[in-house]
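Quick notes on the structure that follows.
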Amino acid sequence: MEKIFDKLNEAQTAAVKCTEGPVLILAGAGSGKTTTIVSRLAYLIEVLGIPASSTLTLTFTNKAAKEMRDRALDMISESSYPPLLCTFHKFGLLFLKFNIHLLNRQNNFVVIDTDDKKRIIKKINSEIPTALIASEISRYKNSLMSPDDAYKQAELFNYQQIAKIYEEYESYLLENNLVDFDDLISLTYKLLDEHAELAQKISQKYQYIMIDEYQDTNELQLKLLQKLCLSHTNICVVGDDDQSIYGWRGAHIRNIMEFDSDFKGANVFKLENNYRSREPILKVANALIEHNRSRLGKKLIATRGSGDDVTILNSNDENEEARKIAQKVTKLLDSGVPANNIAVLYRVNVLSRSIEEGLNRAGIAYKLVGGLRFYDRAEIKDLISYIRVITNFHDDFSFKRIVNKPKRGLGKASIEKIELAAHAKSSSIFEYITNVPHAELEALVRKKNAKTLKNFIKNIQEVARVAQESTYRFIDVLEDTFHLKDIYKGMQDEAERVLNMDEFYGLFRDFVKNKPEASIDEFLNELTLQSEQDQIEGECIYMMSIHASKGLEFDHIFIIGMEEGFLPLVGDGSDLEEERRLGYVSFTRAKESLTLSHAASRFYKGRRSDLQKSRFFNEAGLCEGSLKLEKNTSYKKGDLVRHKIFGTGRVTGVSKSGREFKLSINFAGTKRDILASFVERL
């Protein structure tokens with residue numbers, strides 16, 4: 001008990017002890033959210049005696065899941081069934097491994113990443129922008145729309161085409177036993193929706209469910225959670241409506257705003273004590289976010305005392321800005337601040353270029369988070385494709401990538417001929433080459449190439465046999481058999497590519513050492529579930545978008561591009577309240593110092609433009625300006641309030657009434673207008 005509660009404040013303790021029924025923990029930035037979640041999990045298992053296997057804790061990144069798992073295991077005694085604590089997508093992967101047979105599919109499927117998805121789409125159609133098709137397919141899947149539904153709904157010809165491409169894309173995935181990221185959630189929901197007994201069984205298995213970063217959930221994830229809560233209402237969600245910044249990729253702020261409507265009788269706890277940032281940083285963050293109307297309402301309270309005032313950097317252009325930031329970073333490094341305690345954030349990725357150049361000139365090492373990921377490099381993708389084919393001979397997509405790497409004299413035309421012949425016989429390319437008589441293969445390709453292909457197949461089968469006997473030895477045999485490093489012989493960046501391959505081989509060996517019972521398929525699926533925050537390590541300063549920074553913290557933060565049009569982004573499709581939340585998220589990443597930078601002009605989209613200072617300086621109380629937004633009342637739409645007669649309700653509107661403010665409040669379906677002074681905020 002002491003181990004669980006000795007580091008918790010009053011609000012955290014109350015949230016941990018409230019275990020039955022729906023619970024919403026509104027956790028402000030830096031308020032000990034992770035501590036509260038893992039303490040609650042430990043309380044359930046160690047104090048209440050809930051079996052660890054009856055709990056399910058879901059989050060959004062591997063980094064967050066690992067940190068929570070490590071901290072939770074430190075607080076609970078060893079058990080034969082540790083609690084399941086993972087990302088939504090990992091939960092989907094595990095669920096499908098056991099249940100995808102109910103959709104008449106095999107459970108040795110491979111999860112493809114975004115890059116694979118785009119390659120498949122491009123092969124089907126190269127005329128419509130691939131990114132648009134990929135995004136629409138993702139939207140269809142998250143809306144549980146079949147290709148047929150998508151086609152019926154499409155009014156414009158382009159979208160009818162996309163619906164047809166979606167149909168071909170789905171057929172390709174089925175034929176090759178592949179699933180994409182969206183399938184991990186949508187197929188899981190589909191199974192639970194179509195199999196009532198299975199849904200009841202899973203709900204009864206996981207009696208206590210906790211969700212981290214609830215403000216980032218989308219409509220489909222909410223539906224999935226409602227399925228998991230069929231037999232009980234023990235769901236605890238932790239989140240911050242002020243940090244809902246993923247609307248552009250489907251996250252729905254209404255999920256946290258209306259949690260008490262989705263899960264009736266919810267208890268609400270607010271964590272407002274901030275253990276991360278100095279008081280001047282929180283002062284500007286609180287001032288900025290108070291201008292938002294759609295929020296549940298809370299105020300961060302500094303527990304670490306005062307510190308340096310927030311610094312404003314004024315520059316004429318992006319080059320002067322880069323120079324000034326490089327000087328300030330150098331000063332911090334010279335004073336003994338570790339490089340990885342410093343980060344530069346921006347709203348728009350293109351702004352990183354000038355800062356990169358400035359840091360290069362100053363000789364400061366940096367890492368661009370969200371740049372080309374290690375696993376997206378061509379040499380690593382080639383290796384992964386080899387492993388995929390060795391674990392699944394029928395993966396045509398990967399087979400075509402590697403069949404001529406290293407070069408085997410096979411042209412694109414030859415490969416296409418073989419693919420057509422294989423499809424005509426309803427077999428995979430690998431299966432076709434294995435079984436087709438030599439003479440028939442020679443009719444399609446040159447005699448020499450036919451022999452090469454047959455040998456290639458034999459080599460893959462041999463390495464596959466080794467893989468079944470010894471997972472650890474397999475990676476050496478793979479390199480010895482195919483000499484994959486030879487692919488890059490003579491290239492300008494040969495040394496770097498070979499180093500990357502050696503790094504990958506090392507990662508594979510570590511995986512096998514740590515999980516000797518794991519299969520190669522599991523290794524592949526772990527790779528696919530990597531996120532960009534898994535890149536945060538090492539001694540250098542970090543540069544990243546504000547979106548990529550969420551969930552991270554650094555002693556010293558520099559935010560560039562604080563101009564109208566960059567932060568906030570303004571124009572069609574932009575949401576000023578979400579832009580303000582982005583500002584709030586970026587401010588609250590800082591622990592010791594915060595520097596906000598703006599330039600009078602920038603070179604952008606091929607021309608130099610004069611820029612106006614961001615309205616956020618003004619709203620955060622850092623300077624006067626004409627864009628100041630008048631606050632109408634301390635109550636806002638969405639606030640939960642209590643009236644001594646009518647009970648608990650939610651504010652649906654605010655208006656002026658003489659010297660007072662009149663609130664329109666929904667009390668469990670009964671709507672009333674009440675003066676603000678007659679209610680209290682929950």
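When the range 374-397 is filtered for residues that are in contact (Cβ under 8 Å) with a residue 24 or more places away in the chain, among the polar types (S, T, N, Q) and out of contact with any strand residue (DSSP E or B) (no Cβ under 7 Å at 6 or more places or on another chain), only Thr391 remains. Scanning the range 406-429 for residues that are surrounded by fewer than 17 Cβ atoms within 10 Å (Cβ to Cβ) and either more than 20 Å from Leu178 (Cβ to Cβ) or among the basic types (Lys, Arg) (or both) gives Pro406, Lys407, Arg408, Gly409, Gly411, Lys412, Ala413, Glu416, Lys417, Leu420, Ala424, Lys425.
If Asp193 meets every condition in (1) in a helix (DSSP H, G or I); (2) buried (at least 17 other Cβ atoms within 10 Å of the Cβ) apart from one, which number is that one? Here Asp193 meets the rest and fails (2).
Hey, could you check the range 381-429 for residues that are in contact with a Lys or Arg (Cβ under 7 Å, 6 or more places away or on another chain) and of a type in the set (S, T, N, Q) and say which is nearest to Gly506 (Cα to Cα)? By that ranking, first place goes to Ser385. If the condition is being out of contact with any helix residue (DSSP H, G or I) (no Cβ under 9 Å at 6 or more places or on another chain) and either surrounded by fewer than 18 Cβ atoms within 10 Å (Cβ to Cβ) or under 10 Å from Asn292 (Cβ atoms) (or both), then the range 562-575 contributes Gly571, Asp572, Ser574. Looking only at residues of the range 106-124 that are touching an Asp or Glu at 6+ places or on another chain (Cβ under 8 Å) and within 19 Å of Ala150 (Cα to Cα), we find that the one that is least open to solvent (accessible area, probe 1.4 Å) is Lys117. Among the residues making up the range 125-134, a single one is assigned to a helix (DSSP H, G or I), surrounded by 14 or more Cβ atoms within 10 Å (Cβ to Cβ) and either modelled with pLDDT under 90 or charged (D, E, K, R) (or both): Thr130. Looking only at the range 57-77, decide whether some residue is crowded, with 20+ Cβ neighbours inside 10 Å, among the aliphatic types (A, V, I, L, M), in contact with a helix residue (DSSP H, G or I) (Cβ under 8 Å, 6 or more places away or on another chain) and in a loop (DSSP other than H, G, I, E, B). No - not one qualifying residue is present in the range 57-77. Does any residue of the range 164-182 turn out to be without any contact (Cβ under 8 Å) to a residue 60 or more places away in the chain, polar (S, T, N, Q) and open to solvent by 10 Å² or more (accessible area, probe 1.4 Å)? Looking through the range 164-182, at least one residue is without any contact (Cβ under 8 Å) to a residue 60 or more places away in the chain, polar (S, T, N, Q) and open to solvent by 10 Å² or more (accessible area, probe 1.4 Å). Examine the range 497-518 for a residue that is open to solvent by 30 Å² or more (accessible area, probe 1.4 Å), hydroxyl-bearing (Ser, Thr, Tyr) and under 25 Å from Asp376 (Cβ atoms), and state whether such a residue exists. No, the range 497-518 contains no residue that is open to solvent by 30 Å² or more (accessible area, probe 1.4 Å), hydroxyl-bearing (Ser, Thr, Tyr) and under 25 Å from Asp376 (Cβ atoms). It is to be established whether one or more residues within the range 242-256 are part of a loop (DSSP other than H, G, I, E, B), charged (D, E, K, R), touching a helix residue (DSSP H, G or I) at 6+ places or on another chain (Cβ under 7 Å) and open to solvent by less than 20 Å² (accessible area, probe 1.4 Å). For the range 242-256, residues part of a loop (DSSP other than H, G, I, E, B), charged (D, E, K, R), touching a helix residue (DSSP H, G or I) at 6+ places or on another chain (Cβ under 7 Å) and open to solvent by less than 20 Å² (accessible area, probe 1.4 Å): absent.
For the range 147-159, a residue qualifies if it is more than 26 Å from Asn104 (Cα to Cα) and either in contact with a helix residue (DSSP H, G or I) (Cβ under 6 Å, 6 or more places away or on another chain) or not in a helix (DSSP H, G or I) (or both), and the qualifying residues are Ala154, Glu155, Leu156. If you check Ser385 against the conditions, is it within 24 Å of the chain's Cα centre (by Cα), outside any loop (DSSP other than H, G, I, E, B) and either surrounded by 16 or more Cβ atoms within 10 Å (Cβ to Cβ) or of a type outside the set (S, T, N, Q) (or both)? For Ser385, the condition - within 24 Å of the chain's Cα centre (by Cα), outside any loop (DSSP other than H, G, I, E, B) and either surrounded by 16 or more Cβ atoms within 10 Å (Cβ to Cβ) or of a type outside the set (S, T, N, Q) (or both) - is met.
Selection within the range 610-639: residues that are in a loop (DSSP other than H, G, I, E, B) and modelled with pLDDT of 85 or more. The member of this set that is most open to solvent (accessible area, probe 1.4 Å) is Gln612. Contact map, the range 108-131: residues that are on the phi < 0 side of the Ramachandran plot paired with residues that are of a type in the set (D, E, K, R) and surrounded by fewer than 18 Cβ atoms within 10 Å (Cβ to Cβ), Cβ distance under 6 Å, separation 6+ or inter-chain. Pairs shown: Asp115/Asp376; Ile124/Glu168; Thr130/Lys118; Thr130/Lys122.
Restricting attention to the range 308-352, the residues that are closer than 29 Å to Asp575 by Cα and basic (Lys, Arg) add up to 1.
With respect to (1) assigned to a loop (DSSP other than H, G, I, E, B); (2) within 25 Å of the chain's Cα centre (by Cα), the lone exception for Gly265 is condition (2). Evaluating Cys229 against the criteria (1) free of Cβ contacts under 8 Å to residues at least 40 places away in the same chain; (2) under 19 Å from Phe259 (Cα atoms); (3) open to solvent by 20 Å² or more (accessible area, probe 1.4 Å) leaves one unmet condition, (3).
For the range 295-306, residues that are open to solvent by 30 Å² or more (accessible area, probe 1.4 Å) and touching a strand residue (DSSP E or B) at 6+ places or on another chain (Cβ under 7 Å) total 3. Please go through the range 430-447 and give me each residue that is buried (at least 18 other Cβ atoms within 10 Å of the Cβ) and either at pLDDT 90 or above or of a type in the set (Phe, Trp, Tyr) (or both), ordered by number. Once the filter is applied, which keeps residues that are buried (at least 18 other Cβ atoms within 10 Å of the Cβ) and either at pLDDT 90 or above or of a type in the set (Phe, Trp, Tyr) (or both), the range 430-447 yields Phe430, Tyr432, Ile433, Val436. Residue check: Tyr43 meets all listed conditions (1) touching a helix residue (DSSP H, G or I) at 6+ places or on another chain (Cβ under 6 Å); (2) buried (at least 23 other Cβ atoms within 10 Å of the Cβ) but one, namely (2). Is one or more of the residues making up the range 324-335 part of a loop (DSSP other than H, G, I, E, B) and not polar (S, T, N, Q)? No - not one qualifying residue is present in the range 324-335. Within the range 137-163, the set of residues being open to solvent by less than 80 Å² (accessible area, probe 1.4 Å) and of a type outside the set (A, V, I, L, M, F, W, C) comprises Ser138, Tyr140, Lys141, Asn142, Ser143, Ser146, Pro147, Asp149, Asn158, Tyr159, Gln160, Gln161. Condition (residue is open to solvent by 10 Å² or more (accessible area, probe 1.4 Å), in a strand (DSSP E or B) and modelled with pLDDT of 95 or more) applied to the range 271-284: is it met by at least one residue? Yes, the range 271-284 has at least one match. The listed residues are Arg642, Arg681, Arg607, and the only one of them that is at pLDDT 80 or above and of a type outside the set (A, V, I, L, M, F, W, C) turns out to be Arg642.
The values are calculated or read from the model by the stated rules, or taken from the named source; none is laboratory data. The structure presented is a predicted model; accordingly, all values stated were derived computationally and were not measured. Heads up, the Cβs are rebuilt from the backbone with ideal geometry, glycines too, and the neighbour counts pull from every protein chain shown. Heavy atoms of the whole protein, side chains included, go into the accessibility calculation; ligands, DNA and RNA do not. Shrake-Rupley method; radii C 1.70, N 1.55, O 1.52, S 1.80 Å.
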